[in-house]
Amino acid sequence: MVEQASSLTGASVSACSESAGGALAQPTAHSVSSVGHAVTPGPILLLGAPGVGKGTQARELMRLWAIPQISTGDLLRANVSQGTELGLAAKEIMQCGNLVPDDLVNRMVAIRLAQPDTLNGFILDGFPRTLPQAHWLDAELAVRPGALPIVAVSLQVDYNLLLRRITGRRNCPVCQRIYNVFLQPPQRDGFCDVDGAALVQRADDTETCFQGRIGNYQSLTAPVIEHYRAQGRFAEVHGDREVAAVAAEVISAVERMRSGA
Ligand code: ADP
């Protein structure tokens with residue numbers, strides 16, 4: 001148990017330091033530095049289907065508010081590449097978008113939430129993804145001293161664009177920059193503009209896996225959206241626009257929900 005917890009922590013901490021580094025970085029040209037400073041962000045959930053842009057928007061919020069992005073997909077992939085006990089258990093399951101058991105993911109999130117950089121808030125991306133995960137998170141935050149209530153933003157993008165975003169996605173394994181062969185190709189086909197590394201495609205970013213991921217999303221994750229809609233402090237934002245335009249709307253929704261309007 002201790003051994004397993006420490007292996008989880010190992011991966012979490014490495015993903016955490018990456019987040020913390022990003023949190024301290026200067027805003028990008030298209031970021032929204034002129035709004036959103038006034039609030040204490042607290043716990044923010046970014047919800048939505050694979051490919052809606054949760055990770056991209058999480059990075060915008062992280063830069064603005066200097067709070068960490070906690071992506072369970074990234075934490076799990078870090079565990080897989082580090083060969084931790086959790087990574088070994090998760091590897092096969094993640095291959096084509098099936099969900100890792102709730103108790104494993106919940107424990108991983110609990111360890112990450114115990115890091116001090118989450119005190120003013122954090123952005124959860126890819127979690128909760130099932131109703132039991134949502135109930136676990138609600139109970140966890142209810143006993144967290146001084147925690148603000150959750151605010152949830154659901155991003156929406158049409159199915160055909162999701163498919164192009166997912167099947168066209170290519171990642172730089174060195175600088176983590178994300179390209180899209182249809183929508184945002186690199187200058188030299190297959191290679192990163194920044195460092196020249198060969199781009200890679202996630203094993204679950206094929207069309208067949210995408211269908212399965214969308215199926216899981218509809219049956220297991222859509223009820224999570226309804227759960228948070230019913231709690232109030234919930235907003236829907238269309239994600240098929242410029243990153244900065246989507247981010248501006250997400251930020252004003254969070255501000256509005258935090259001010260109780
Ligand atoms: P996407 O949202 O694009 O499907 P992620 O990077 O969020 O991709 O997740 C990749 C994979 O990691 C998922 O398909 C699933 O196998 C696993 N995973 C991520 N988050 C969770 C979670 N909260 N519960 C269970 N499995 C998860």
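Of note:
- Of the residues screened, residue 217 is not one that is in contact with a Leu (Cβ under 9 Å, 6 or more places away or on another chain), assigned to a helix (DSSP H, G or I) and surrounded by 14 or more Cβ atoms within 10 Å (Cβ to Cβ).
- For the range 77-86, a residue qualifies if it is touching a residue at least 12 places away in the same chain (Cβ under 8 Å) and surrounded by fewer than 20 Cβ atoms within 10 Å (Cβ to Cβ), and the qualifying residues are 77, 80, 82, 85.
- Hits in the range 198-211 - residues which are within 9 Å of the ligand (Cβ to nearest atom) and open to solvent by 30 Å² or more (accessible area, probe 1.4 Å): 202
- Cβ pairs under 6 Å, 6+ apart, first in the range 157-170 and closer than 22 Å to residue 189 by Cβ, second assigned to a helix (DSSP H, G or I) and open to solvent by 40 Å² or more (accessible area, probe 1.4 Å): 167/207
- Qualifying residues in the range 96-108 (those that are within 8 Å of the ligand (Cβ to nearest atom) and in contact with a Pro (Cβ under 9 Å, 6 or more places away or on another chain)) - the one most open to solvent (accessible area, probe 1.4 Å): 102
- Looking across the range 224-248, the residues that are closer than 15 Å to residue 62 by Cα and surrounded by fewer than 20 Cβ atoms within 10 Å (Cβ to Cβ) come down to 243, 244, 248.
- Candidate set: the range 123-158, residues that are surrounded by 23 or more Cβ atoms within 10 Å (Cβ to Cβ) and more than 14 Å from the ligand (Cβ to nearest atom); chosen: the one farthest from residue 98 (Cα to Cα): 151
- Sole exception among (1) within 30 Å of residue 142 (Cβ to Cβ); (2) without any contact (Cβ under 8 Å) to a residue 24 or more places away in the chain; (3) more than 16 Å from the ligand (Cβ to nearest atom) for residue 190, by number: (1)
The values are calculated or read from the model by the stated rules, or taken from the named source; none is laboratory data. Just so it is clear, the model here is predicted, and its values are computed rather than measured. For neighbour counting, all protein chains shown are included, and Cβ atoms are generated from backbone atoms with ideal geometry for every residue, glycine included. Only protein heavy atoms, including side chains, enter the accessible area calculation; ligands, DNA and RNA are left aside. Shrake-Rupley method; radii C 1.70, N 1.55, O 1.52, S 1.80 Å.
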